[in-house]
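The values are calculated or read from the model by the stated rules, or taken from the named source; none is laboratory data. Small disclaimer: the values here were computed from a predicted structure and weren't measured. Methodologically, a virtual Cβ is constructed for each residue, glycine included, from the backbone with ideal geometry; neighbour enumeration extends over all protein chains shown.
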Amino acid sequence: MESSIAPHLVCPRTRTRRIEDDYAPPYPCWSARASTSVEQVVMGYFGVQSRGREMHGKACVALMKMAETFGQTDGPRHHDLAHFVDAQGYDNMIAIAYWDDPAAFARWRSSAKVDAWWSSDERLHDGIGYFREIVSPRVEHYETMFNTPDRLEGVGIAMGSISGDIQEHGYWGSARDRIPLAQTDALSPAGALRVVGDTPAHGRRVRIEGHDNLAIIRSGQEWTETRGKERELYLQDMEPVLREGMNFLRDRGASIGCYSNRYMTHIDAAGKPAEKTFGLSLWRSLGDMERWSESHPTHVAIFGTFMRIVQELQFQLKLRVYHEVAVLKPDEQEYEYIHCHPKTGLLNVLAAA
């Protein structure tokens, strides 16, 4: 068993872990590993927002136009496509892309094909909304966890390899213990979200700057390979509880520090849904996220149901689960919304202020 923190990122701790050195987790998990030459990754969330069946085709064309650029020089190492309907009834399709080289991302973004399309005034007038949320954590600022070692997801695919069985999981606060910077830093939030440029309003291009130690989590599950009792337990017991928790964060999360939450389904290039979902949340801080996970009834129900199923199946799961968590510095964040409704992403926080 090894630490989730890669050996070259381990340093003398000034902040203690929540576990003793001889702690043995109840089941195995793994973390992604990147080359020691990787110092920073880029996670880009490129969204298209529409409402009504008459706009759906146009939105799909726009999403594909975005995704097509991923294949050009300096494109991402990996990308996913996903869909969800938000609380306001808008369809949102998102291309999530990952780079392991910020310089390559910068070249891709500034290329004529990408920049000219995104910067065009046509984005303000074609009847659909667009957003891009770019976070680029240094390797000290994020962690990953997977319950299976044979296939990575999300940023793990861009990182390229996997650890051995890790120690820091299966207890409250384990995500913090897996973040390298948390060895010496409390990761406390400071500052506030700030609008840059246009005042937020439907029909405008709005840019927002993030504050110190804003946290983001992508947490996913795939049940494609489940059969029989396990599949029944997931679909009838686990998924409804998970959805209830995701909807709470979407609708009332601001009261506990959750700026935005999306519960999304993977889709293929033709829009067909897969048996894979994930939640994507932006939080004021890792501490706020931890308090929800440890004590709020919605997450206690999620965790309790999952552990009951795991124990009932004697830890023999075909269900795949994973997550990635990053705690971000201001220079690692960029948020832009074009012609989006005021509850979109971080606009949700400004609308509630």
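Structure notes:
- Some residue of region 182-204 being within 29 Å of residue 53 (Cα to Cα), at pLDDT below 95 and surrounded by 14 or more Cβ atoms within 10 Å (Cβ to Cβ): yes
- Residue within region 185-197 that is without any contact (Cβ under 8 Å) to a residue 60 or more places away in the chain and farther than 20 Å from residue 259 by Cα present: yes
- Residues of region 1-60 that are aromatic (Phe, Trp, Tyr) and either within 30 Å of residue 336 (Cα to Cα) or touching a Lys or Arg at 6+ places or on another chain (Cβ under 6 Å) (or both): 45, 46.
- Of the strands (runs of 3 or more DSSP E) lying entirely inside region 238-353, those containing at least 1 residues that are within 18 Å of the chain's Cα centre (by Cα), under 27 Å from residue 140 (Cα atoms) and hydrophobic (A, V, I, L, M, F, W, C) are 258-267, 273-283, 320-328.
- Evaluation of residue 73 against the conditions (1) touching a Gly at 6+ places or on another chain (Cβ under 9 Å); (2) modelled with pLDDT under 95 shows that the sole unmet condition is (1).
- Region 285-300 residues that are over 19 Å from residue 244 (Cβ atoms) and at pLDDT 95 or above, paired with ones that are acidic (Asp, Glu) and in a helix (DSSP H, G or I) (beta carbon under 7 Å, 6 or more apart): none
To keep it simple, each residue is scored yes or no on (1) closer than 19 Å to residue 147 by Cβ; (2) among the acidic types (Asp, Glu); (3) surrounded by fewer than 18 Cβ atoms within 10 Å (Cβ to Cβ); (4) in contact with a strand residue (DSSP E or B) (Cβ under 6 Å, 6 or more places away or on another chain).
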| site | (1), (2), (3), (4) |
| --- | --- |
| 244 | no, yes, yes, no |
| 250 | no, no, no, yes |
| 267 | no, no, no, yes |
| 296 | no, no, yes, no |
| 321 | yes, no, no, yes |
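- Those residues of region 66-93 which are in a loop (DSSP other than H, G, I, E, B) and farther than 24 Å from residue 41 by Cβ, in sequence order: 86, 87, 88, 89, 90
- In region 36-65, the residues that are more than 18 Å from residue 99 (Cβ to Cβ) and assigned to a strand (DSSP E or B) reach residues that are charged (D, E, K, R) and at pLDDT 95 or above with C-beta atoms within less than 6 angstrom, at least six apart or across chains, in these pairs: 50/91.
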